[in-house]
Amino acid sequence: MKLILLLLAAALSASAQAPTTAPPTEHPASTPEATLRYIHASWDVLTRSMSDCSSIVDPKVRTLPVLYLPYGFPEPAAVAAAEHKCHLRVLHLPRAIEKIGDLQPQDLEAEGLLYLPHPYIVPGGRFNEMYGWDSYFILLGLEADHRARLARGIVDNFLFEIENYGGVLNANRTYYLTRSQPPFLTSMIRAVIENPRSFPDTVAGRAAAQEWLEHAYTLAEKDYSTWTRPEHRAGNTRLARFWDYGSGPVPEMADASHYYPDVIRSLLQHPSPEAAGFLVKGSEHPDAAEAERLKRTSCNVNASVVCMRAWYGGYRLSKAFYEGDRAMRESGFDTSNRFGPFSGATENYAPVGLNSLLYRYERDLEHIAYLLGKGREAQLWDRRAQARNYAIHRYLWRAREGVFADWDFVHARPSHYAFITSLYPLWAGVASRKEAKSLETKLDLFERPGGLATSTHDTGLQWDYPYGWAPTNWIAVAGLDATGYRSDAARIAAHWNRTVDRAFAQTGTIREKYNVVTGNADVVVTTGYKQNVIGFGWTNGVYLKMRQIVREEAARAAFDHALQPPQTAARQ
């Protein structure tokens, strides 16, 4: 076990320089049991806390280590100890934050880590903080691995974020103070409260669980309000969109300075009507007058190194592109061509995935309200869920094609970009039985030998074909299983886990994403994020859950076989 931990730690520390394709030689450990040993050991390697110096390190933004405490928050003893041990600056946020976007990162003295009170799991590699939607899939893995205390601590950290930073953040760095991520909080709350290991089965334990659920419900209500603010409304559709309250290029791209120049290069080489307005004329080293103009039309070259470097061939990216780019990052799908080139028009769409998640959020809050004896509030959540269901079917269900599709509310038209989030309504409970059957018949759009591809478009971007990701594969598999298509779910789950096993045999690591056509970690991204990061938190969690799906379906099949008359069983 010590050897596994040492090898894993070395792999994680080197992930920023890790190759994007698997080396030709195979790792000697090639069985599911070897993959499981790696996962069991990796939780400890990926755990961070405020007393751990490795938590402060930010591979994306290589600045001096700074930790921010909430405004007026007393300095905990563990932070005081880390201040000396980790050569850390501890600062307080300059004012209280009521909602996301109240405080802009550029208003702070320096970029830094935001304090969280409990240990948490990071994805791995350059992602060395607690992420909003990664953590749901990580939590599922922790629950499967009987680490209920750590799982509950992660949810408590999100509740702390809502209280002190305005909502569930993209992650706990200051440059994420302007956006959230796909909303999974209520699903995490339910995972904790429905796990018998989360609280002792005693009178005191049950009372503590009830008190915790009441607190979580109140804060989840506040987090829900993030998605009903005017900026998050998708026109007059009564649906939601993604939105970031910041402006200009995102600071976390400092370690990938090629990204925005690559985007400009690609837009110039592949002009399209969808990219109209994404480029503006600009020089590489603008003078004062041009810099002032670019503040209005592009970004502030004097305030952002990332902005200054975002130049290629006499062009810079427009302010409109940066709005869409930031919204795309809140979606978690960074990046694909789903919402125009490089998803630069993300803010113009009501997405199937987001609104399915919010429907599930409303139904979860209805359920929790009933558990807490809040009948009237439960009815309110029911009405909200019904209204969203109606809007989803009005705008996002394409009856003729038998699919759910994103809606461009600016141009009043559906998207024809086949994307795996079209399966989210299965998991969320939005799809009717007839619709679920139709979606099941569309699986061949995405299903490949190694799992489900994210889209049907081979763009060279990481959230497109032929790449598959753990979270979207899990949402699809769990949705199929929940709607009765269990053999489909088990088949895809088995193929996905086989891909992870095969890649582990080749590389000795677990990765962020996979090539589901070749069934391995051979990922070559031509533009955008070009790494295939080692770790990897959500892949670990989903692997464990997929394993459960496969085993449960095998047990059902064996039970059904045992119930058959002997002659029928013999013929089979």
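Every read-out reported here was derived from the displayed coordinates using simple, explicitly stated rules and does not represent laboratory data. What you are looking at is a predicted structure, and each value in this text was computed from that prediction instead of being measured. Here the Cβ is made from the backbone with ideal geometry for all residues, glycine too, and neighbour counts use every protein chain on show.
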Spread of Cα-to-Cα distances over 10 Å intervals beginning at zero, given as percent, for the range 222-269: 20, 31, 27, 21, 1
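Given a cut-off of 17 Å, what percent of all Cα-Cα pairs of the range 251-350 lie beyond it? Mind dumping the intermediate values first?
Details: 2355 of 4950 pairs.
In whole percent, the long-distance tail amounts to 48.
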According to a simple spin-label model (label point 7 Å from Cα along Cα-to-Cβ), what is the distance in nm between ARG398 and VAL410? 2.0 nm
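For the pairs LYS434/LYS545; LYS319/LYS530; LYS99/LYS434; LYS99/LYS545; LYS222/LYS434, flag any whose C-alpha to C-alpha distance is greater than 29 Å.
Values: LYS434/LYS545 27 Å; LYS319/LYS530 25 Å; LYS99/LYS434 40 Å; LYS99/LYS545 34 Å; LYS222/LYS434 35 Å.
The answer is LYS99/LYS434; LYS99/LYS545; LYS222/LYS434.
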Just to be sure I follow: if Rg is taken over the C-alpha atoms of the chain and Rh is the Kirkwood radius over the same atoms, what is Rg/Rh? 0.96
ALA240's amide H: which non-local residues (gap 5+, or another chain) put their own amide H closer than 5 Å, with H modeled 1.01 Å from N in plane and none for Pro or chain starts? ALA234
Residue-wise HN-Hα coupling along the range 116-126, computed from phi with Karplus coefficients 6.51, -1.76, 1.60 (Hz; x: Gly, Pro): 10, x, 10, x, 8, 9, 9, x, x, x, 5
Nitroxide proxy distance, nm - points 7 Å out along Cα→Cβ at ASP102 and GLU292: 3.5 nm
Mean projection of the alpha-carbon convex hull of the range 263-317 over all orientations, in nm²? 3.5 nm²
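Hey, got the dipole for the chain? About the Cα centre, +1 on K and R Cβ, -1 on D and E Cβ, debye to the nearest 20? Intermediate results must be reported in sequence, preceding the final value.
Working: 62 positive and 62 negative charges, 200 e Å.
With Lys and Arg at +1 and Asp and Glu at -1, about 960 debye.
With 10 angstrom as the radius, rank SER42, SER438 by how many other C-beta atoms surround their C-beta, starting from the fewest. Write out the running numbers ahead of the final one.
Details: SER42 27, SER438 18.
The order, fewest Cβ neighbours first, is SER438, SER42.
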In Å, what Rg and Dmax follow from the Cα atoms of the range 502-564? 16.4, 55
At 222 nm, what helix-only mean residue ellipticity would the chain give, in deg cm²/dmol to the nearest 500, using -39500 (n - 2.57) for each DSSP H run of four or more? -14500 deg cm²/dmol
Unit charges at the beta carbon, dipole of the chain: most positive-side option, GLY205, VAL57, SER432: SER432
For the range 251-350, what is the charge dipole size about the Cα centre, in debye to the nearest 20, if Lys and Arg each add +1 at the Cβ and Asp and Glu each add -1 at the Cβ? 220 debye
Dimensions of the range 159-215 along principal axes (Cα, Å, largest first)? 43, 19, 15
³J(HN,Hα), Karplus 6.51/-1.76/1.60, whole Hz, each residue of the range 174-190, x for Gly, Pro: 4, 6, 9, 5, 9, 7, 9, 8, x, x, 10, 4, 5, 5, 5, 4, 5
Full-extension gain between ALA562 and THR456, please, as 0.36 nm times their residue separation minus the C-alpha to C-alpha distance. 34.1 nm
